[in-house]
Amino acid sequence: MIEQAYVQAVDQTTPTIQAIRARISQAVDATTGPALDRLKFWLQMPTDSMFMGMLDNDCQVRAQRVGALLSPGARGLYESSDLSVPLEIAGKWAAVDEAVKADRAVIINGSTGHVGGSESKFNNKRNTGFHVIVFLAVGQEPSGRRYYLGFDPDVSATAESRAKWKPLVLGGTEARAQKFDEAKSLQVVKAMILGDSQDGFGPLVRKYYVETDKAFPRIVHA
């Protein structure tokens, strides 16, 4: 699994954290339709708040539409080449860097266990299936270690994302969400993605420390 960490106030990225926050906030505000549709547009949700039952598995479609909305750059959304093929892997990551620096979101497709969160309900012992996330910026630690700023819509992804979700949506997700008004649905989406701090993000936006000299594990379809 790609090592992941949460954004700190001192982190510096290109584009900046503030620019990414503004881009997300504006895009969420512009999302129209019923409350449940807005939640499904942005978040990959289980069918209830206890993370049981059937799972929402539209990660690829969601990543593409969210990525397109978060790509104000002239050339729009960028979909990376197959990162499980080692041929010219450095060039593929250079293209990802170029895209995010030009205000283009990047679709990252990998095996479930490699790009997903550590607590995701989509993880399995055989590591079958795939998951799709969206990279929005590139950054570097004071030590020189590089990372990408990524948005993973999966609300079950980490212990922190689960803890944030439960008090926001009590009871069955769809039953509760259908009763939300516009303000409540906006609150839930922004809480999960943007969080409570003006210098960081919620639990669905994390730092991904990618080994850009190595290919991703191959995706094994169930």
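The values are calculated or read from the model by the stated rules, or taken from the named source; none is laboratory data. Here the structure is a predicted model, which is why all the values come from computation and not from measurement. Quick reminder, even Gly has a Cβ in these numbers, built from the backbone with ideal geometry, and neighbours come from all protein chains shown. Remember, those area values only see protein heavy atoms, side chains included, never the ligands or the DNA or RNA. Shrake-Rupley method; radii C 1.70, N 1.55, O 1.52, S 1.80 Å.
Fully extending the segment from residue 26 to residue 95, taken as 0.36 nm per residue of separation minus the present Cα-Cα distance, adds 22.2 nm. Note on the chain: with neighbouring protein chains present and a 1.4 Å probe, carbon and sulfur make up 52 percent of its accessible heavy-atom surface. From a point 7 Å beyond the Cα of residue 65 in the direction of its Cβ, which residues of the stretch 149-168 have a backbone N at a distance under 20 Å? Only 151-156 pass the distance filter. Other residues within the sphere of radius under 13 Å centred on the Cβ of residue 91, judged by their own Cβ, net out at -4 (K and R +1, D and E -1). Here the stretch 105-211 is treated with +1 on each Lys and Arg Cβ and -1 on each Asp and Glu Cβ, and its dipole about the Cα centre works out to around 300 debye.
Relative contact order, whole percent, for the stretch 1-136 stands at 24, derived from Cα pairs under 8 Å and 6 or more residues apart. On full extension, the segment bounded by residue 198 and residue 58 gains 47.4 nm, given 0.36 nm per residue less the C-alpha separation.
Loop sites by DSSP among the GluC sites (Glu not before Pro) of the chain, restricted to those with at most 16 other Cβ atoms within 10 angstrom, leave 120-210 as the longest stretch without any of them.
Calculated on the alpha-carbon coordinates, the convex hull of the stretch 71-216 measures out at 145 cubic angstrom per residue. Using only side-chain charges placed at the Cβ, +1 for Lys and Arg and -1 for Asp and Glu, the dipole size of the chain relative to its Cα centre rounds to 260 debye. Our helix-only sum for the chain, with -39,500 (n - 2.57) per DSSP H run of n ≥ 4 divided by its residues, gives a mean residue ellipticity at 222 nm of -10000 deg cm²/dmol. Can you work out the FRET efficiency for the pair residue 143 and residue 1, with r the C-beta to C-beta distance and R0 = 25 Å, to the nearest 0.05? Efficiency computed from Cβ-Cβ geometry: 0.75. Per residue, the solvent-accessible area of the chain (1.4 Å probe, heavy atoms of protein chains only, all protein chains present) comes to 47 Å².
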